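Enquirer: Mind looking over this structure? Questions follow.
Please treat every number below as a calculation from the coordinates, not as lab data. As the structure is a prediction and not an experimental result, all values here were calculated from the model. Using ideal geometry, Cβ is built from the backbone for each residue, glycine included, and neighbour counts are taken over all protein chains shown.
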Amino acid sequence: MARRKNSMSEGKKNIIASLLQEYDIKTAEDIQEALKDLLGGTIQSMLEAEMDQHLGYEPYERSNNTNYRNGKKSKSIQSTYGKMEIDVPQDRECSFEPQIVKKRQKDISSIDQKIIAMYARGLTTRQISDQIEEIYGFEVSEGMVSDITNKLLPEIEEWQQRPLSSVYPIVFIDAVHFSVRDNNVIKKLAAYIILGINEEGQKEVLSIQIGQNESSKYWLSVLNELKNRGVKDILILCADGLSGIKESIAVAFPETEYQRCIVHQVRNTLKYVADKDKKEFANDLKTIYHAPTEETGYERMMQITDKWQDRYPNAMKSWSTNWDILSPIFKFSTDVRKVIYTTNAIESLNSTYRRLNRQRSVFPSDTALLKALYLATFEATKKWTMTLRNWGKVYGELSIMYEGRLQQ
């Protein structure tokens, strides 16, 4: 094993030696107290230097400036090391505007960002309040936590209304369900995540919609919102069997191909199957959507239906009923099929959202849920910098299949 390189300079070593001698450090708590004291002293020195620069002369130096130092004002501030007292220099004309700790600034630990980060991980306002008090030693009320996170609402609204690209080759719509309190009644709400693959092959969350009743009217309003934000065309829209979605797509984007989500179709089928048979049944289903042609896929669907009919008479019904919206996938090559039925992008998002469910069994309101979803989405998508694998091949095939609808 390679030895760790010692990168500590002589200057750092001297500082540490001085710290050990000055503060008689014996424990980790002693280090914290020493750093707190040093931070306070550093801030104090910087404030004095700012006043020197503001007045144009140092203390006890003669000057023709009519403005001069006028004592100090004690101020309590919060830092990452806890509460501390500093003395802010004052001037006669009250024109001094300190920068290191601004007027009316009581916290220098970026506590707002810490609270928002905790909220993004799904912690409740009470849990955040308790953690802040435990870590930083001062109380933050649940109301204050709500006020801080409410600052996100204009940002969320702006994000939900931002302009979108004119064309998305593929769009996914998926739902995650949450419990929300409404007038002291707990109800189940679906958060619909709309994920687009743009022409560069990059993933992009287009919108987050919180809804209760699926219907053609509801989905038409959602799709019209995308149109109003600049979306003119979607080649393939992949979703589960959402009520009214098929009819709404036909109205809002009449040229869009609706593909029933294969992953959800398989999951819904296996709900009817006993655990001991699920692996074999799943392998049988794979032969359907891996079939080289639609005709072969249909034949295999009928064979599987016959095979399992006696034991699971309801398992395969939805395949024949929905064959018209399951079958578009057969016209594509393996590369395109993988993009459509390998929903890794949206599944990784869903795993992030499910962590929210584990952290908070019930959200206090629709707004609280939306804030948490927005923050979780922002964190999850930070790493989305790469294009999809084999996107060049996929894009070329889609350009031929949907001639004239993609930029060449």
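Enquirer: Need the full-extension length gain, Gln309 to Ser63, defined as separation in residues times 0.36 nm minus the C-alpha distance. One decimal, nm.
Expert: 78.6 nm is the gain from fully extending Gln309 to Ser63.
Enquirer: Between Ala376, Ala17, Ala252, find the one with the highest GNM mean-square fluctuation for the chain; connect C-alpha pairs within less than 10 Å.
Expert: Comparing Ala376, Ala17, Ala252 in a Gaussian network model of the chain, the most mobile one is Ala17.
Enquirer: Between helix 344-359 and the chain, what is the angle of the helix's C-alpha long axis to the longest principal axis, kept within 0 to 90° and rounded to the nearest 10?
Expert: Tilt of helix 344-359: around 60 degrees.
Enquirer: Tabulate in residue order the Karplus-calculated ³J(HN,Hα) for the stretch 253-259, using 6.51 cos²θ - 1.76 cosθ + 1.60 with θ = phi - 60°, rounded to whole Hz; enter x for Gly and Pro.
Expert: Karplus-based 3J(HN,Hα) across the stretch 253-259 equals 10, x, 8, 6, 8, 8, 10 Hz.
Enquirer: Shifting gears a bit: Which value in nm describes the separation of the simple spin-label points at Ala17 and Asp91, placed 7 Å from the Cα toward the beta carbon?
Expert: 4.1 nm
Enquirer: Based on the inverse mean of 1/r over its pairs of different Cα atoms, what is the Kirkwood hydrodynamic radius of the chain, in Å?
Expert: About 26.5 Å for the chain.
Enquirer: Then there's this: Mind listing the phi-derived Karplus ³J(HN,Hα) values for the stretch 220-232, rounded to whole Hz, using 6.51, -1.76 and 1.60 with θ = phi - 60°, and x for any glycine or proline?
Expert: Per-residue couplings from phi come out as 5, 5, 5, 5, 5, 4, 4, 4, 5, 8, x, 6, 9 Hz.
Enquirer: With +1 on each Lys and Arg Cβ and -1 on each Asp and Glu Cβ, how big is the dipole of the stretch 290-408 about its Cα centre, in debye rounded to the nearest 20?
Expert: Roughly 720 debye for the stretch 290-408.
Enquirer: Quickly work out the Ala49-to-Arg354 label distance, labels modelled 7 Å from Cα along the C-beta direction, and quote it in nm with one decimal.
Expert: Roughly 5.2 nm, to one decimal.
Enquirer: Suppose every K and R has +1 on its Cβ and every D and E has -1 on its Cβ; what is the size of the dipole of the chain about the Cα centre, in Debye to the nearest 20?
Expert: 840 debye
Enquirer: Further, regarding this structure: Of Ser63, Ser79, Ser216, which has the largest mean-square fluctuation in a 10 Å C-alpha GNM of the chain?
Expert: Among Ser63, Ser79, Ser216, the largest GNM mean-square fluctuation belongs to Ser63.
Enquirer: Follow-up. Non-local amide H neighbours of Val273 (under 5 Å, H modeled in plane, Pro and chain starts lacking H): which ones?
Expert: none
Enquirer: Which value does Rg/Rh take for the stretch 141-244 over its C-alpha atoms, Rh per Kirkwood?
Expert: 1.02
Enquirer: If you plug each phi of the stretch 43-51 into the Karplus form 6.51 cos²θ - 1.76 cosθ + 1.60 with θ = phi - 60°, what whole-Hz ³J(HN,Hα) values come out, in order, with x for Gly and Pro?
Expert: Listing the rounded values in order: 4, 4, 5, 5, 5, 4, 5, 5, 5 Hz.
Enquirer: Under a 5 Å amide H to amide H cut-off, with H placed in plane at 1.01 Å, what residues pair with Ile210 once short-range neighbours are removed?
Expert: Close amide H contacts, sequence-distant or interchain: Tyr192.
Enquirer: Tell me the mean residue ellipticity at 222 nm calculated for the chain from its helices only (DSSP H runs of n ≥ 4, each -39500 (n - 2.57), averaged over every residue, nearest 500).
Expert: -15000 deg cm²/dmol
Enquirer: From the cross-link list Lys188/Lys217; Lys338/Lys382; Lys151/Lys382; Lys73/Lys151, which pairs have alpha carbons spaced over 28 Å apart?
Expert: Lys73/Lys151
Enquirer: Give the long-range amide H neighbours of Val205: residues separated by 5 or more places, or on another chain, with amide H under 5 Å away, using H modelled in the peptide plane at 1.01 Å from N.
Expert: Correct list: Gly196.
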